[in-house]
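The values are calculated or read from the model by the stated rules, or taken from the named source; none is laboratory data. What you see is a predicted model; the values in this text were computed from it and never measured. FYI the Cβ positions are ideal-geometry reconstructions off the backbone, even for glycines, and counts take in every protein chain you see. Calculation scope for accessible area: heavy atoms of the full protein, side chains included, ligands and nucleic acids excluded. Shrake-Rupley method; radii C 1.70, N 1.55, O 1.52, S 1.80 Å.
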Amino acid sequence: MSAESTPEPGIPGGSGTNGTRGRAKGRRRKPRSTRRKGLLITAWTAAGIVVLGGTGAGYLYFKLNGNIKSVDIDSALGTDRPTKVDNGSENILVLGSDSRSGSNKKLGGGTDDGSARSDTAMIVHVYKGHKKAGVVSMPRDTLIDRPECTDTQGKTHPAASGVMFNTAYSTGGAACAVKTVESISGLRMDHYLEVDFSGFEKLIDELGGVPVTTTKDIKDSQSHLNLKAGTHKLDGEQALGLVRTRHGVGDGSDLGRIQLQQAFIKALVEQVKHVGIFTSPKRLYDLADTATKAVTTDSDLGSVNSLMGFANGLKSISSSKMHMITMPVQYDPSNPNRVIVEKTKAQQVWTALKNDQAIPASATKGTATGEAKGVVTAGN
């Protein structure tokens, strides 16, 4: 799926014109391809970097408009969507995609078949006042009923039953992914952010790495990650390995990988807040350049001006104010490599978010987990 670039008039002052469960006995999980990437965290970082630099080097940002790719989700979805709840909150669908083209092929291997997958997805609910957020990870292995959807090129894709969640994106791109998430949750997505993992690696390097502490050794030949228990400052390649690893720790499930990703997000958010980017205009620009190249947005966020305004509403949310959960699921009794939605408990989550309330602890009690919680924490 191609993304359209939507430049906007330049920023004032600029010179340009474009602005727990173990494995089932006798069943072993099949090894997953290294193509499974969980890199949506770049979106949060990209937004944070852009807003941090907004006042210090605004005159440069008109040059970055051309980096941002955007897709017109609203036009593709039309009016058959959940009603927007006007209570001051926002819902953002953040996806991590693994296109096999370009520099992504070098990082992940595999065949450049022109396709892309979304193996990681999160609903980020920003509460009224923009001081805290609830984050719900959507497991890629969840079996769902995918609704009929129309992609941004105008092609209609038929509904399908009992398919994996991540087929929504590979079938109909961003619009179909949003349609599917809205169908599952009953929540309207106000914005969409998609992350490219080659840009993620570069961004971590530009930030100077992210400190984390591991309570166990993590060794995964598929994600090329080898960390001893202890404190580390992860460079881009190591960070990429961490957020995509699933065999090096826990039960080898996608749910375990989600737990690692969530821990890394918190470490990354804290690192962004502590990086001194104002001392070097060149470093500031390099960070923003990398960040804006790494994301695709909905058309409402498809310019630096718009992204800055959006990010300005997120900058007060610290990692301690982010409540992160996995959508309530249970393993499929007929296939331990798949999960199914725990509908009653999941509805507690969706109802809470729709009403801009905290997600109740009862919503995730007794649901399937990946046995990797606490393995990674923010470093010192």
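Observations on the model:
- Scanning segment 325-336 for residues being within 30 Å of Glu270 (Cα to Cα) and either at pLDDT below 95 or outside any strand (DSSP E or B) (or both) gives a total of 2.
- Every test in (1) of a type outside the set (Lys, Arg); (2) more than 14 Å from Asp141 (Cα to Cα); (3) surrounded by fewer than 16 Cβ atoms within 10 Å (Cβ to Cβ) is passed by Ile325 save one, and that test is (3).
- Residue in segment 186-196 that is surrounded by the most Cβ atoms within 10 Å (Cβ to Cβ), counting only those that are on the phi < 0 side of the Ramachandran plot and modelled with pLDDT of 85 or more: Glu194
- Residue within segment 81-88 that is acidic (Asp, Glu) and either modelled with pLDDT under 85 or part of a loop (DSSP other than H, G, I, E, B) (or both) present: yes
- Only one of the listed residues (Gln262, Gln238, Gln271) is of a type outside the set (A, V, I, L, M, F, W, C) and at pLDDT below 90. That residue is Gln271.
- Subset of segment 117-165 [part of a loop (DSSP other than H, G, I, E, B), over 23 Å from Glu90 (Cα atoms) and hydroxyl-bearing (Ser, Thr, Tyr)]: none
- Restricting attention to segment 344-380, the residues that are open to solvent by 40 Å² or more (accessible area, probe 1.4 Å) and assigned to a helix (DSSP H, G or I) total 8.
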